[in-house]
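These notes are about the structure you will find just below.
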Amino acid sequence: MRFAFFGDIVGRSGRDGLAEHLPHLRRRLGLEFVVVNAENAAGGFGITESTARELFAAGADCLTLGNHSWDQREALTYIVREPRLIRPLNYPAASQAPGRGAQLFETEGGHRVLVINLLGRVHMEPLLDDPFSAVDRELDACPLGQAADAIVVDMHAEATSEKMAMGHFCDGRASLVIGTHSHVPTADAQILNGGAAYQSDAGACADYDSVIGNQKEEPLRRFTTRISGGRFQPAEGPATVCGVYVETDPATGLALRIEPIRIGGRLSQTVPDVAVEERLQAAPAP
Ligand SMILES: [Fe+2]
Ligand SMILES: [Fe+2]
């Protein structure tokens, strides 16, 4: 099975970049399922129904969130109505977070894909529940190769160490463990010893003439003067759409291949080479 994951969509630039590139990537790579992190989709802060609709229309099958999940208040009610939008699993029970932290999807090709969204705690919100025990319960309840044909874990975290540890923790039980939140793609795409594809950060879908997707002036002002001059605004130039392409073994759900995707904008470009006959095999029956 062939699927892709794209990192944090930042504002209009990221949404437009996904709309421009995802439709032809779906065909070119024979993608059966696409997960997109959307925590910065609405002006850099959170998600709204209208921005989510743009991403679904571009070809996203599932949207994940992160520390900015609730920046737009309407997300609190929209997520209850939209099962394709998921939020981090490990909010404390006392927070009564609406929506789901994990969701099982069925593709047009008849494959079952479980998507799990987690928030890290290192250099982030320390009062979250433990993401490791939270994901452990989900993976136990939905074994890869039995109850799910593919399992995608979006580990939204600041510390690379915490993301890498999560990769090893889920290894053998997930198809892909992918980091998000730091908005810069890392060069460590690999298949771990137990068969989970892994990359420490997917990167963002954003204008990279920026500071992690924001216009440069305000971050520079704060770093150099320590004085805020206003809120962060997403950079508005063409986005580089960043993510990973993954192929799994249909029998086990474990990864056979992971390759980075970077297309559009100013980062060095890379799109995996997928043979035509493979793409035809991947396409669902008419
Ligand atoms: Fe983000
Ligand atoms: Fe984030």
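For Glu74 and Arg266, what does the FRET efficiency come to when R0 = 45 Å and r is the distance between their Cβ atoms, rounded to the nearest 0.05?
The pair Glu74/Arg266 has a calculated efficiency of 0.85.
Quick check on the stretch 1-121: of the DSSP beta bridges with both residues there, what percent are antiparallel, nearest 5%?
Roughly 40 percent of the DSSP beta bridges within the stretch 1-121 come out antiparallel.
Report, for the chain, the % of DSSP beta bridges that are antiparallel, rounded to 5. Let's see the in-between values first.
Working: 24 of 49 bridges.
Around 50 percent of the beta bridges assigned by DSSP in the chain are antiparallel ones.
Pick from Ala159, Ala57, Ala141: which is most flexible by mean-square fluctuation in a GNM of the chain where alpha carbon atoms under 10 Å apart are linked?
Ala141
Applying the Karplus parametrisation 6.51 cos²θ - 1.76 cosθ + 1.60 with θ = phi - 60° to the phi angles of the stretch 3-10, what ³J(HN,Hα) value in whole Hz is obtained for each residue in order, glycine and proline being reported as x?
9, 9, 10, 10, x, 3, 6, 10
Cut-off is 10 Å between beta-carbons; in what order do Val241, Val122, Val274, Val34 appear when sorted fewest neighbours first?
Ranked by crowding around the Cβ, least crowded first: Val122, Val274, Val34, Val241.
What full-extension length gain, to one decimal in nm, is calculated for Asn193 and Arg27 as 0.36 nm per residue of separation minus the Cα-Cα distance?
Here the segment from Asn193 to Arg27 would lengthen by 56.7 nm.
Taking neighbour Cβ counts within 10 Å as the exposure measure, how do Glu54, Glu125 sort from fewest upward?
Taking fewest neighbouring Cβ atoms as first place, the list is Glu125, Glu54.
State the answer as a single residue: which of Pro83, Leu144, Pro23 lies farthest towards the positive end of the charge dipole of the stretch 12-149, with beta carbon charges of +1 for Lys and Arg and -1 for Asp and Glu, about the Cα centre.
Value: Pro23.
Considering the options Cys205, Leu119, Val244, tell which one lies farthest towards the positive end of the dipole of the chain, charges being +1 on Lys and Arg and -1 on Asp and Glu at the Cβ, about the Cα centre.
Highest projection toward the positive end goes to Cys205.
I need the calculated FRET efficiency for the pair Glu49 and Ala275, taking r as the beta carbon distance and R₀ as 35 Å, to the nearest 0.05.
Details: r = 39 Å, r/R0 = 1.11.
FRET efficiency, Glu49 to Ala275: 0.35.
Sum -39500 (n - 2.57) across every DSSP H segment of at least 4 residues in the chain, then divide by the residue count to get the 222 nm mean residue ellipticity, nearest 500.
Only helices count here, giving -7500 deg cm²/dmol.
Quick one: what are the phi-derived ³J(HN,Hα) couplings along the stretch 31-44, Karplus 6.51/-1.76/1.60 with θ = phi - 60°, whole Hz, x for glycine and proline?
For the stretch 31-44, the Karplus curve yields 6, 9, 7, 9, 10, 10, 7, 10, 5, 10, 5, 9, x, x Hz.
Label points 7 Å out from Cα along the Cβ direction at Phe56 and Ser161: separation in nm?
In this crude spin-label approximation the distance works out to 4.1 nm.
So, R0 is 41 Å and r is the distance between the beta-carbons of Glu217 and Leu104; what FRET efficiency does that work out to, to 0.05?
Using R0 = 41 Å, I get an efficiency of 0.40.
Hey, in the GNM for the chain with a 10 angstrom Cα cutoff, which one of Cys170, Cys242, Cys142 fluctuates hardest?
Residue with maximal mean-square fluctuation among Cys170, Cys242, Cys142: Cys142.
Give me His21, His168 ranked fewest to most by other Cβ atoms within 10 Å of their Cβ, as a rough exposure proxy.
Placing the least packed residue first, the sequence is His168, His21.
What does the charge dipole of the stretch 1-119 about its Cα centre add up to, to the nearest 20 debye, if the Cβ of each Lys and Arg holds +1 and the Cβ of each Asp and Glu holds -1?
Dipole of the stretch 1-119, to the nearest 20 debye: 160 debye.
Go through the stretch 147-236 and name the trypsin sites (Lys or Arg not before Pro) that are in a DSSP coil and have 14 or fewer other Cβ atoms within 10 Å of their Cβ.
Lys216, Arg226, Arg231
Mind listing P(r) for the stretch 1-124? All alpha-carbon pairs, 10 Å bins, whole percents.
13, 46, 33, 7, 0
Need one number: nm distance between label points at Asp209 and Thr252, each 7 Å from Cα along Cα→Cβ, rounded to one decimal.
For the pair Asp209/Thr252, the computed spacing is 4.6 nm.
Every number in this text was worked out from the coordinates using simple rules, so none of it is lab data. In this text, all values refer to a predicted model and were calculated from it rather than measured experimentally. Using ideal geometry, Cβ is built from the backbone for each residue, glycine included, and neighbour counts are taken over all protein chains shown.
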